[in-house]
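Worksheet: one structure, shown below.
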Amino acid sequence: MSVKKDYTQVTVNDENLENDIHLECLGCKLDLPSLSGGDLPLDVMEVILQIQSNGGDLNNLSDAESFKFAGALYAYFKRFYPDFWEKLRGEKKAVAYINALVSAWWEQSESDPKA
């Protein structure tokens with residue numbers, strides 16, 4: 001006897017996936033998805049969820065959390081913003097720039113009315 005399986009189609013509301021954080025760093029304009037949701041790669045989303053589950057304070061991350069977060073974001077910028085990544089690679093204060101950018105991105109995401 002065969003049992004018929006009905007599958008429900010899953011869809012997303014595209015308006016929740018809009019890029020809504022706009023930052024400029026090293027002359028590059030970056031249209032970034034909110035860190036509070038939006039269209040993030042799963043590796044970045046995993047780290048964001050871990051940080052949020054521990055209180056959501058970037059200043060109170062353990063060393064392991066900081067390295068995991070930085071690694072996920074570095075890979076994200078390298079893949080999705082190659083022009084920015086190339087400029088960043090040429091900077092003597094690359095880590096300072098990435099830290100400042102991530103702090104601004106985090107703050108803007110927290111104040112995002114869609115979040």
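The values are calculated or read from the model by the stated rules, or taken from the named source; none is laboratory data. The shown structure was predicted, so the numbers you read here are calculated from the model rather than taken from an experiment. A quick note on method: Cβ atoms are made from the backbone with ideal geometry, for glycine too, and the neighbour counts reach across all protein chains shown. For the accessible areas, the whole protein counts, side chains as well, though only heavy atoms, and no ligand, DNA or RNA atoms are used. Shrake-Rupley method; radii C 1.70, N 1.55, O 1.52, S 1.80 Å.
A few points about this structure:
- Residues of the chain: accessible area per residue with a 1.4 Å probe, Å²: 71
- Rounded to the nearest 500, the helix-only mean residue ellipticity at 222 nm of the chain stands at -15500 deg cm²/dmol, with each DSSP H run of n ≥ 4 adding -39,500 (n - 2.57).
- Relative to the longest principal axis of the Cα atoms of the chain, the long axis of helix 63-80 makes an angle of roughly 80 degrees.
- Taking only protein heavy atoms and a 1.4 Å probe, the accessible area of the chain is 49% carbon and sulfur.
- In degrees, nearest ten, helix 42-53 long axis to first principal axis of the chain (Cα): 80
- Placing unit charges on the Cβ atoms only, positive for Lys and Arg and negative for Asp and Glu, gives the chain a dipole magnitude near 460 debye about its Cα centre.
- Taking Cα atoms only, the orientation of helix 94-110 departs from the longest principal axis of the chain by about 50 degrees.
- For L32, the residues whose modelled amide H falls within less than 5 Å of its own, excluding neighbours fewer than 5 places apart on the same chain, are D20, I21, H22, L23.
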